[in-house]
Amino acid sequence: MGITNKTLTAQSKGDAPTARPPSKKTAVVNWLPLLPFFLFAALFLFLPSISIFVRSFESVDGGFTFDNIIALFTVQDFVNAYKTSLTISVITALGGAVFGFLLAYAVILGGLPKGLRTFMTTFSGVASNFAGVPLAFAFIATMGNAGLVTRWLESAFEIDIHAGGFTIYSITGLSIVYMYFQFPLMVLIMAPALDGLHREWNEACANLGGTNWHYWRYIAFPILLPSLLGTTILLFGNAFGAYATAYAFSGSFINLVPILIGAQMQGDVLFNPGLGNALALGMVFIMGISMIGYITLQRRAARWLR
Amino acid sequence: MPQLLQVRQQYLKNTPQDWEDLLKPEYKGKVAMAGDVLKSNQSVMTVFASGLSRSGGDKTKAAEMGLQFWKEMNDAGNFIPVIADQGKIAQGETPIVLEWDYLALANRDGLAGNPELEIVVPKTGVLAGPYAGGISAYAPHPYAARLWWEFVMSDEGQLIYLKGYAHPIRFNDMAARGVIPADLAAKLPPAESYANAVFLTVDELQASSAYITENWRKVVYGE
């Protein structure tokens, strides 16, 4: 965006009769504001990615090896971990997207009192950032074996939530925990998008004889589709990379990739940073593919907007 | 040389006294470890100690039998995978915690009766987690270092460790000679429970640790 703007200014200057070609000095000055961006990208995006790539081929004694990469495909634990990580991320991303969208719809367009909307956006802002150890502990303290809600149900209604074999220390339980930061993020991002739907569009549609279904199918939904897709991918990444929450919740009980990486890097039992990096490389690869998928879909979805 | 112990809270009707007790249905959803087997050596040694109890002290079979023990624990639903730190112990999520005695005793003191914790040394499968010290060959004053170790190994030096709840290597001998002050002994589990503590060599430690971490997921979670 910045680059295009700069080029445009340079060109419009060039159109003026008295203008001289931009000197080297102005070119440098024009690029200067971008420096923080490049610095940030280099330090926090490119350097770590390169380091992950290079160190994936490092053996325990520091030599070069393909073993780590091969292990990703041959060791059953690792294959299972990718499957579990993908399952939990897709489920909570879709669940969060649907639930969050409906919630945002209810708050923005559902004709609810104005105060509720402020409350909801504030809550979403806080909850979407509530993750890690505090979130895990909050769920353990409310729904765990000795949790407040568990005990209350037991004493007040004599309901034992564990009677049917349910335990929060399971994939279902962890999904519920993840949903707590997934759906508020969806609300937070979808609220402005829903605000952007002009009332006139609905009216125009009605004037032309369209039903509510027509309005959503041909007008509102296509407009919202890019942000819906984008946020769902964001939620996917949000869950895919979550480590502290899952680890504080149930240790390595649920076999997730970030937890496997943690076990190779920290602690006093396993230690193979090369393998940890290779596992991370696999995650970068999956995120890359989902980003490419997202960009392609969004291009198609937003084609008519241009 | 701390050993594996348990912590108990007021939620339990009976205090478990040995490893096999933990498999009883009354402890469903109540048994936790203080660390993660794939990340913490303490928990690897928890698995080993439970196996040691089963194998009747046979160190060669302990790793395998320990995994079997935890498989039964997990299948029975007694094992909760949450990592039992002081907060979870205080909150009551983890009524029974398996950890080194010095950490358990420190938790008891740290929580100061809220809730009351009971520290139990299991009857069988008492395992020592030794720490080693050394003198650098390049030390500028190697003889001063030797003098230091003389002091550490003396009754006086050993008691300093015991005050921090780390059972020193000469603990059994000192208990037999009655040189442990009564007020300090009162804070510790009975000295007899440490008499049969099992020590592992470095090779045994490494081999069992590798075996347990490699097979933990496969055997215990059946993946």
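The values are calculated or read from the model by the stated rules, or taken from the named source; none is laboratory data. Values in this document were obtained by computation on a predicted structure and should not be read as measured data. Every residue, glycine as well, gets a Cβ built from its backbone with ideal geometry; the counts of neighbours run over all protein chains shown. For the accessible areas, the whole protein counts, side chains as well, though only heavy atoms, and no ligand, DNA or RNA atoms are used. Shrake-Rupley method; radii C 1.70, N 1.55, O 1.52, S 1.80 Å.
How many residues does the stretch B:84-112 contain that are more than 11 Å from chain A (Cβ to nearest Cβ), more than 17 Å from B:Lys163 (Cβ to Cβ) and open to solvent by less than 50 Å² (accessible area, probe 1.4 Å)?
Keep residues of the stretch B:84-112 that are more than 11 Å from chain A (Cβ to nearest Cβ), which gives B:86, B:96-112.
When the remaining residues are screened for being more than 17 Å from B:Lys163 (Cβ to Cβ), the result is B:86, B:96-99, B:111-112.
With the extra rule that they be open to solvent by less than 50 Å² (accessible area, probe 1.4 Å), the set shrinks to B:96-99, B:111.
Adding up the residues that qualify gives 5.
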>> What pairs come out if I take residues in the stretch B:120-131 that are more than 18 Å from B:Ser43 (Cβ to Cβ) and surrounded by fewer than 19 Cβ atoms within 10 Å (Cβ to Cβ) and pair them with residues that are modelled with pLDDT of 85 or more and among the small types (Gly, Ala, Ser) whose C-beta lies under 6 Å away, six or more apart or interchain?
In response: B:Thr124/B:Ser53
> Can you find even one residue in the stretch A:146-162 that is in a loop (DSSP other than H, G, I, E, B), open to solvent by 70 Å² or more (accessible area, probe 1.4 Å) and within 14 Å of another protein chain (Cβ to nearest Cβ)?
Replying inline: yes
>> Considering only the stretch A:161-176, I want to know if a residue exists there that is at negative phi, in contact with a Cys (Cβ under 9 Å, 6 or more places away or on another chain), free of Cβ contacts under 8 Å to residues at least 24 places away in the same chain and among the hydrophobic types (A, V, I, L, M, F, W, C).
In response: no
> When residues of the stretch A:117-145 are filtered for being in contact with a helix residue (DSSP H, G or I) (Cβ under 6 Å, 6 or more places away or on another chain), touching a residue at least 12 places away in the same chain (Cβ under 8 Å) and within 11 Å of chain B (Cβ to nearest Cβ), how many remain?
Replying inline: 4
> Has the stretch B:47-69 got at least one residue that is more than 29 Å from B:Pro168 (Cα to Cα), in a loop (DSSP other than H, G, I, E, B) and either open to solvent by 50 Å² or more (accessible area, probe 1.4 Å) or within 14 Å of chain A (Cβ to nearest Cβ) (or both)?
Replying inline: no
>> Filter the stretch A:65-111 down to the residues that are in a loop (DSSP other than H, G, I, E, B), more than 14 Å from chain B (Cβ to nearest Cβ), without any contact (Cβ under 8 Å) to a residue 60 or more places away in the chain and at negative phi and list them by number.
In response: A:Phe66, A:Gly110
> Do we find a residue being away from every other protein chain (no Cβ under 14 Å), within 21 Å of the chain's Cα centre (by Cα), exposed (fewer than 13 other Cβ atoms within 10 Å of the Cβ) and farther than 30 Å from B:Lys39 by Cα anywhere in the stretch B:177-189?
Replying inline: yes
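Any residue that is assigned by TED's automatic domain parsing to the domain that holds B:Gly35, in a helix (DSSP H, G or I) and open to solvent by 80 Å² or more (accessible area, probe 1.4 Å) - is there at least one of those in the stretch B:156-165?
Looking only at the stretch B:156-165, we keep the residues that are assigned by TED's automatic domain parsing to the domain that holds B:Gly35, and these are none.
Scanning the stretch B:156-165 turns up no residue that is assigned by TED's automatic domain parsing to the domain that holds B:Gly35, in a helix (DSSP H, G or I) and open to solvent by 80 Å² or more (accessible area, probe 1.4 Å).
Report the residue count in the stretch B:199-218 for those that are surrounded by 19 or more Cβ atoms within 10 Å (Cβ to Cβ) and not in a loop (DSSP other than H, G, I, E, B).
Kept after step one, since they are surrounded by 19 or more Cβ atoms within 10 Å (Cβ to Cβ), are these residues of the stretch B:199-218: B:200, B:208-209, B:212-213, B:216-217.
So of that shortlist, the ones also not in a loop (DSSP other than H, G, I, E, B) come out as B:208-209, B:212-213, B:216-217.
Count: 6.
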> How many of the residues making up the stretch B:113-129 are out of contact with any helix residue (DSSP H, G or I) (no Cβ under 6 Å at 6 or more places or on another chain) and within 14 Å of chain A (Cβ to nearest Cβ)?
Replying inline: 1
>> Just the residues that are closer than 28 Å to A:Asp268 by Cβ and without any contact (Cβ under 8 Å) to a residue 60 or more places away in the chain, please, taken from the stretch B:166-194.
In response: B:Arg170, B:Asn172
> Limited to the stretch B:93-137, what total is found for residues that are of a type in the set (Phe, Trp, Tyr) and modelled with pLDDT under 85?
Replying inline: 1
>> I'd like the residue in the stretch B:11-22 that is under 21 Å from the mean Cα position of the chain (by Cα) and either buried (at least 17 other Cβ atoms within 10 Å of the Cβ) or at pLDDT below 75 (or both) and, out of all such residues, is nearest to the other protein chains (Cβ to nearest Cβ).
In response: B:Leu12
>> Of all residues being more than 9 Å from chain B (Cβ to nearest Cβ) and part of a loop (DSSP other than H, G, I, E, B) in the stretch A:264-278, which is surrounded by the most Cβ atoms within 10 Å (Cβ to Cβ)? Just the residue, please.
In response: A:Asn272
> Pairs under 6 Å by beta carbon, first residue facing chain A (nearest Cβ under 10 Å) in the stretch B:209-223, partner among the acidic types (Asp, Glu) and not in a helix (DSSP H, G or I), six or more apart or different chains?
Replying inline: B:Arg217/B:Glu223
